[in-house]
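Participant: Have a look at this one.
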Amino acid sequence: MFDSGFGGLTVARALIDLLPAEDLVYLGDTGRYPYGPRPLDEVQAFAHQITRYLVAAEHVKFVVVACNTASAAALDQLQDESPVPVVGVIESGVRAVLWATRNERVGVIGTVGTIGSGAYQQAFAQAGSGVKLTCAACPGFVEFVERGETGSDQVHVLAERLLAPLQEARVDTLLLGCTHYPYLARTIGDVMGRDVVLVSSAEETAFAVAAQLSDLGLARAPDERPARHRFLSSGDVASFRQLGRQLLGPELDHTVPIRWG
């Protein structure tokens, strides 16, 4: 699986917990983060490059695009062109929101790139839902997470400003449309209020991966050797290991550097 940085570790945590027998390779492209402000065609090129690397060099049997911006930019092409199955995080999150909403007023927050792509608007339309959808870009959230500043006064003030349109729309369910955002769940929940359900796509994505592995006969038997977890970073590996271990847990005990040509 891959993400622009640390956000996809929420999906990695869910996968490790749900599928403890599976080997996991996680690539955090921290040397080029954040993806959100970048043009979608540039993010698309990154996603293709990383997927090719994971298949050719790491010999993976399945790819999870654990990044909403990359999913929005490249998922359809990757699914058509990759020699292994590929899943993203957008459809899983939409399904969870539609199940959770009570008043059919739902919100999605994400990076500028994700929201601007229209991927979530399209996914809700394809689901045939009649919900009233309000989307808001939240520039700055990813950077706070990447710096480990998830509970500061500054991020709370930023959240109050960026989430105001969702409050005005009276949403009862809010999809965290970036895998970094669950690390800000306490701040977001404080701003939105206790009556608003926050939905992360991490667990739903893990369930989708488990189902596909089973359906395709790719699931690894639990009585084989212990699962292996590898973590790669295209940026500062020491920083990645330090913050990543705080966010994921003890499984992240070593980080391998990767450099793009």
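The values are calculated or read from the model by the stated rules, or taken from the named source; none is laboratory data. This is a predicted model, so every value here is computed, not measured. Positions of Cβ are generated from backbone atoms using ideal geometry, with glycine treated the same way; all protein chains shown enter the neighbour counts.
Participant: Spot the failing condition for V94; the list is (1) within 25 Å of R259 (Cβ to Cβ); (2) not assigned by TED's automatic domain parsing to the domain that holds R220, and only one is missed.
Facilitator: That leaves (1) as the condition not met.
Participant: For the condition closer than 30 Å to S239 by Cα and β-branched (V, I, T), what is the one hit in V155, V171? Break it down stepwise before answering.
Facilitator: Working: V171 fails: closer than 30 Å to S239 by Cα.
Just one listed residue meets the conditions, V155.
Participant: Let me ask something else. Scanning the stretch 41-61 for residues that are over 16 Å from the mean Cα position of the chain (by Cα) and in contact (Cβ under 8 Å) with a residue 40 or more places away in the chain, which turns out farthest from D23 (Cα to Cα)? Spell out how you get there, then give the answer.
Facilitator: Keep residues of the stretch 41-61 that are over 16 Å from the mean Cα position of the chain (by Cα), which gives 41-42, 45, 48-49, 52-61.
Among the residues that remain, those that are also in contact (Cβ under 8 Å) with a residue 40 or more places away in the chain are: 49, 53-54, 58, 61.
Working: Q49: 21, Y53: 17, L54: 13, E58: 11, K61: 10 Å.
The qualifying residue farthest from D23 (Cα to Cα) is Q49.
Participant: In the stretch 243-261, which residue that is free of Cβ contacts under 8 Å to residues at least 40 places away in the same chain and surrounded by 14 or more Cβ atoms within 10 Å (Cβ to Cβ) is nearest to the chain's Cα centre (by Cα)?
Facilitator: Here the answer is R245.
Participant: As an exercise: evaluate L98 against (1) farther than 18 Å from D3 by Cβ; (2) out of contact with any Ser or Thr (no Cβ under 6 Å at 6 or more places or on another chain) and give the number of the one condition it does not meet.
Facilitator: (2)
Participant: For F207, indicate whether it is surrounded by fewer than 18 Cβ atoms within 10 Å (Cβ to Cβ) and under 21 Å from the mean Cα position of the chain (by Cα). Give the steps one after another, and end with the answer.
Facilitator: On the way: surrounded by fewer than 18 Cβ atoms within 10 Å (Cβ to Cβ): yes; under 21 Å from the mean Cα position of the chain (by Cα): yes.
Against the criterion (surrounded by fewer than 18 Cβ atoms within 10 Å (Cβ to Cβ) and under 21 Å from the mean Cα position of the chain (by Cα)), F207 qualifies.
Participant: Where in the stretch 99-156 are there helices (runs of 4 or more DSSP H), lying fully within it, with 3 or more residues that are closer than 28 Å to L247 by Cα? Even if it seems obvious, please write down each step before you answer.
Facilitator: Details: elements: 112-117, 119-126, 141-146.
Fully inside the stretch 99-156 and qualifying: 112-117, 141-146.
Participant: Checking G235 against (1) closer than 25 Å to F46 by Cα; (2) free of Cβ contacts under 8 Å to residues at least 60 places away in the same chain, only one condition comes out false. Which one?
Facilitator: Exception for G235: condition (2).
Participant: Inspect all residues belonging to the stretch 123-133 and state whether any of them is assigned by TED's automatic domain parsing to the domain that holds G36, farther than 22 Å from R161 by Cα and among the polar types (S, T, N, Q).
Facilitator: Of the stretch 123-133, the ones assigned by TED's automatic domain parsing to the domain that holds G36 are none.
Checking the stretch 123-133: not a single residue is assigned by TED's automatic domain parsing to the domain that holds G36, farther than 22 Å from R161 by Cα and among the polar types (S, T, N, Q).
Participant: Here's something else I'd like to know. Does the stretch 148-170 contain any residue that is over 20 Å from V25 (Cβ atoms), in contact with a Gly (Cβ under 6 Å, 6 or more places away or on another chain) and either modelled with pLDDT under 95 or not basic (K, R) (or both)?
Facilitator: The answer is yes; a qualifying residue exists.
Participant: Quick one: which residue in R225, R161, R194 is part of a loop (DSSP other than H, G, I, E, B), of a type outside the set (G, A, S) and either in the same structural domain as V63 (by TED's automatic domain parsing) or within 25 Å of S4 (Cβ to Cβ) (or both)? I'd like the intermediate steps shown before the answer.
Facilitator: Working: R161 fails: part of a loop (DSSP other than H, G, I, E, B); R194 fails: either in the same structural domain as V63 (by TED's automatic domain parsing) or within 25 Å of S4 (Cβ to Cβ) (or both).
Exactly one of R225, R161, R194 is part of a loop (DSSP other than H, G, I, E, B), of a type outside the set (G, A, S) and either in the same structural domain as V63 (by TED's automatic domain parsing) or within 25 Å of S4 (Cβ to Cβ) (or both), namely R225.
Participant: Here's another thing I want to ask about it. Can you work out which of the residues in the stretch 19-40 that are modelled with pLDDT of 95 or more and not in a loop (DSSP other than H, G, I, E, B) is surrounded by the fewest Cβ atoms within 10 Å (Cβ to Cβ)?
Facilitator: Of everything passing the filter in the stretch 19-40, L24 is surrounded by the fewest Cβ atoms within 10 Å (Cβ to Cβ).
Participant: As an exercise: evaluate A100 against (1) farther than 25 Å from G128 by Cβ; (2) in contact (Cβ under 8 Å) with a residue 12 or more places away in the chain; (3) more than 15 Å from the chain's Cα centre (by Cα) and give the number of the one condition it does not meet.
Facilitator: A100 satisfies every listed condition except (1).
Participant: On to the next question. Do we have any residue at all in the stretch 165-174 that's assigned to a helix (DSSP H, G or I), exposed (fewer than 13 other Cβ atoms within 10 Å of the Cβ), in contact with a strand residue (DSSP E or B) (Cβ under 9 Å, 6 or more places away or on another chain) and not aliphatic (A, V, I, L, M)? Break it down into steps so the answer makes sense when it comes.
Facilitator: Initially, the stretch 165-174 is screened for residues assigned to a helix (DSSP H, G or I), giving 165-168.
From what is left, the residues that are exposed (fewer than 13 other Cβ atoms within 10 Å of the Cβ) are 168.
Going one step further and asking which of them are in contact with a strand residue (DSSP E or B) (Cβ under 9 Å, 6 or more places away or on another chain), we end up with 168.
Within this subset, residues satisfying the condition of being not aliphatic (A, V, I, L, M) are 168.
Among the residues of the stretch 165-174, at least one is assigned to a helix (DSSP H, G or I), exposed (fewer than 13 other Cβ atoms within 10 Å of the Cβ), in contact with a strand residue (DSSP E or B) (Cβ under 9 Å, 6 or more places away or on another chain) and not aliphatic (A, V, I, L, M), which makes the answer yes.
Participant: What number goes with the only condition from (1) under 12 Å from the mean Cα position of the chain (by Cα); (2) among the polar types (S, T, N, Q); (3) part of a loop (DSSP other than H, G, I, E, B) that T10 does not pass?
Facilitator: For T10, the failing item is (3).
Participant: Find the residue count for the stretch 50-79, including only residues that are over 21 Å from I109 (Cβ atoms), surrounded by 19 or more Cβ atoms within 10 Å (Cβ to Cβ) and among the hydroxyl-bearing types (S, T, Y).
Facilitator: Going through the stretch 50-79 one residue at a time, the tally reaches 1.
Participant: Additional query: Which residue, of L232, L213, is at pLDDT 95 or above, under 22 Å from the mean Cα position of the chain (by Cα), in a strand (DSSP E or B) and aliphatic (A, V, I, L, M)? Write out each step before concluding.
Facilitator: On the way: L213 fails: in a strand (DSSP E or B).
Of the residues listed, the single one that is at pLDDT 95 or above, under 22 Å from the mean Cα position of the chain (by Cα), in a strand (DSSP E or B) and aliphatic (A, V, I, L, M) is L232.
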